[in-house]
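Contents: one structure, followed by commentary.
Values quoted throughout were computed directly from the atomic coordinates according to the rules given, and no laboratory measurement underlies them. Bear in mind that the values here come from a model prediction, so they are computed numbers and not experimental data. For neighbour counting, all protein chains shown are included, and Cβ atoms are generated from backbone atoms with ideal geometry for every residue, glycine included.
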Amino acid sequence: MSTTYKVPIGPVHVGLKEPVTAWLTLDGERIMDAKLRLGAIHRGIEFMARERNPIQVIYLSERICGICSFSHVLAFIRAIEDLSAIKVPPRGQYIRSLVLELERIHSHILWSGVACYSIGFDSAFHLGMEMRERVMDLLELLTGNRVNYGVATFGGVRWDITPEFAKATRDMIKFYRREFTPFRDIVMEDPIAQARMRGVGVLTKEEAVRYSAVGPVARASGLRVDLRKSSPYEAYSDMPVEPVVPQDYFGAAHGDVLDRFAVRVLEVYQSLDLLEKILDGLPDGPFVAETNLNKVLASLKKAEGVGWGIIEAPRGDDTHIVSLKGGEDNVLWWKVRAPTYASAVSWPLMFRGNELADAPLIINSLDPCVSCMERTLTTNAHGDSNIITKQELIKRCREKTDTLRARGGETR
Amino acid sequence: MFTRIFQQLFKNLFSNVATNPFPAVHMPPSLTDALSNPDAIKPPIPVGERFRGKLRYDRAKCIGCKLCMRVCPANATDFVPEEKKIIIHNDKCCFCAQCTEICPVKCLTMSGEFAMSSYDRKGNITKDSGAAVAGA
């Protein structure tokens with residue numbers, strides 16, 4: 001006789017960074033089935049955008065996610081530039097790529113640290129956090145902030161690279177090449193960490209294709225997918241980017257947590273190489289197409305149509321689709337498809353056959369950004385949008401009172 | 001079992017402390033009392049050159065064009081029609097510095113001030129901070 005139990009993990013759990021609920025069906029310690037329940041942190045950002053003009057929405061899109069904030073900003077900006085045909089000068093494109101790579105380094109090092117934390121390897125966690133400070137200092141030097149940089153704008157970037165910053169970046173590259181390798185070896189050569197991560201949360205190559213995994217999760221399953229190679233944007237068209245897949249380094253892709261760890265750690269080295277190439281090839285000239293914000297706002301007011309922006313965020317491909325209407329200041333609609341949203345479909349598969357104690361590690365192995373993921377689309381049964389605004393709802397509520405009053409207080 | 005981490009731990013024994021305890025080295029008996037006494041606060045690490053802190057507003061210079069309100073993502077600026085000036089709700093400000101860029105007379109600037117949490121929302125409104133001082 002077998003008895004199964006249902007155990008929830010989350011929405012608030014010590015092993016999770018953000019609120020998400022996983023309902024696990026257990027047979028003893030073994031996970032038979034997993035169901036994810038989302039919706040604990042939906043904020044309605046797309047709806048807020050409808051009351052704001054594109055320049056205001058830049059900073060709103062930055063608040064979708066704290067860690068990959070620049071990726072969301074850039075995807076949104078590229079979508080607007082796509083529909084309004086704003087051209088970006090080459091120097092602006094290079095600085096954008098530079099910030100993207102700095103962000104990738106900071107995101108991946110943060111994740112590697114947190115992965116160590118969830119398996120109880122606290123020494124490596126603190127080491128990872130200490131490592132990350134260096135790139136955070138650099139981002140602060142360039143943009144003034146450690147997160148939510150506010151550096152991108154339509155037609156380029158807002159602040160230029162100074163010679164001191166370029167020197168600090170080269171110092172940082174040297175620092176990471178020297179100091180990050182011990183961190184990698186500490187975790188990947190540790191027999192206990194290996195035993196803890198190898199064979200856990202497996203997602204096969206076929207499943208990754210079928211359930212549309214993206215980014216490092218897909219690459220850890222052996223898929224050569226990287227938008228920086230397949231659809232180059234900004235400065236990546238000038239420099240070849242090879243997707244980091246475990247079979248190139250270790251002979252075979254297992255698609256488990258250790259492979260995801262390896263892919264992210266190896267991508268840090270790839271980003272260091274790219275940063276060097278970006279600094280070497282940095283073109284001269286203006287870094288923004290138009291500095292007068294009034295002119296930008298006026299040209300965006302005239303723009304009409306639907307624009308797409310797709311970039312490779314630290315967690316996978318991030319898609320923003322924006323629509324503007326001619327003659328109106330505000331954004332008409334805006335759709336965000338965050339990388340975690342795409343990868344989350346394959347999430348329940350990773351749990352099957354693992355032990356309950358592995359569940360927080362598997363949840364974390366996706367590098368989930370639940371705040372990015374929680375998007376909604378309001379439709380009616382016919383598939384077209386049917387949104388009731390606050391004013392309309394209040395109007396309906398008052399109308400009901402009036403009807404009641406007219407009937408003399410009788411409900412029917 | 002001697003693994004790679006021991007080498008790192010041994011190295012860390014002889015390296016400096018990486019963090020700057022702020023606002024105090026040890027948790028004071030009352031945090032509110034400690035914060036109200038500025039002398040007792042351990043100095044923070046100085047902010048960077050491009051740091052964007054609390055907004056400074058030169059009221060005399062302002063011409064009331066409302067352009068800052070058009071670009072403010074957080075709607076942190078309010079217009080006072082009787083005086084044709086703005087007030088800034090610092091608790092709403094998201095420190096993007098977009099208003100300082102669009103301001104035609106440059107009456108808005110970013111300062112380096114960051115420790116400004118407060119229980120008093122009304123007291124956290126900037127009405128006038130005088131002419132901008134270089135390096136402030």
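Below, the figures for the structure above:
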| item | result |
| --- | --- |
| Karplus (6.51, -1.76, 1.60) ³J(HN,Hα), θ = phi - 60°, over segment B:114-120, in Hz, Gly and Pro reported as x | 10, 7, 9, 5, 7, 8, 10 |
| Amide H within-cut-off set for A:T153, under 5 Å, with H built and near neighbours excluded | A:R158 |
| B:K85 long-range amide H proximity, modeled H, under 5 Å | B:V80 |
| Global geometry of segment A:141-241, whether rounded, prolate or oblate, following the gyration tensor of its Cα atoms and the 1.5 cut on a/c | oblate |
| For A:S221, B:S118, order by how many other beta-carbon atoms lie within 10 Å, fewest first | B:S118, A:S221 |
| Most mobile listed residue (A:Y233, A:Y249, A:Y269) in chain A, GNM with C-alpha springs under 10 Å | A:Y249 |
| Total charge dipole magnitude, segment A:50-373, about the Cα centre, Cβ charges on Lys, Arg, Asp, Glu only, Debye to nearest 20 | 660 debye |
| Whole-Hz ³J(HN,Hα) from phi, Karplus 6.51 cos²θ - 1.76 cosθ + 1.60, for segment A:389-403, glycine and proline x | 7, 4, 4, 5, 5, 5, 4, 4, 4, 6, 4, 5, 4, 4, 4 |
| Ellipticity estimate at 222 nm from DSSP helix runs (n ≥ 4, -39,500 (n - 2.57)) divided over chain B, nearest 500 | -4500 deg cm²/dmol |
| Phi-based couplings in Hz for segment A:21-34 (Karplus 6.51, -1.76, 1.60; Gly and Pro marked x) | 10, 10, 8, 9, 9, 10, 10, x, 9, 8, 7, 8, 8, 9 |
| Choice from A:P314, A:P182, A:P191 showing the highest fluctuation, given a GNM over chain A with Cα pairs closer than 10 Å | A:P191 |
| Total formal charge among the other residues, if their Cβ is under 11 angstrom from that of A:D256, Lys/Arg +1 and Asp/Glu -1 | +1 |
| Contact order normalised by residue count of segment A:107-219, Cα under 8 Å, 6+ apart, percent | 20 percent |
| Cβ-based exposure ranking for A:F250, A:F125, in which fewest neighbours within 10 Å come first | A:F250, A:F125 |
| Long-range HN-HN contacts of B:C94 with modeled amide H, under 5 Å | B:A74 |
| Rounded, prolate or oblate (a/c below 1.5 giving rounded, otherwise prolate when a/b exceeds b/c) for chain B by Cα gyration tensor | prolate |
| Separation in nanometres of the label points that stand 7 Å from Cα toward Cβ, at A:A289 and A:D33 | 5.2 nm |
| Residue-averaged 222 nm ellipticity for chain A, from DSSP H runs of 4+ at -39500 (n - 2.57), nearest 500 | -15500 deg cm²/dmol |
| Highest to lowest packing among A:393-401, B:3-11, scored as the average C-beta count within 10 Å | B:3-11, A:393-401 |
| Label point distance in nm, A:R407-B:I41, each placed 7 Å from Cα along Cα→Cβ | 6.1 nm |
| Ranking of A:S71, A:S212 by count of other Cβ atoms within 10 Å, fewest first | A:S212, A:S71 |
| Gyration tensor verdict on chain A (Cα atoms; rounded if a/c is under 1.5, prolate if a/b is larger than b/c, oblate otherwise) | oblate |
| Among A:L127, A:G92, B:P104 - extreme Cα towards positive end, dipole of the protein assembly as shown, charges at beta-carbon | B:P104 |
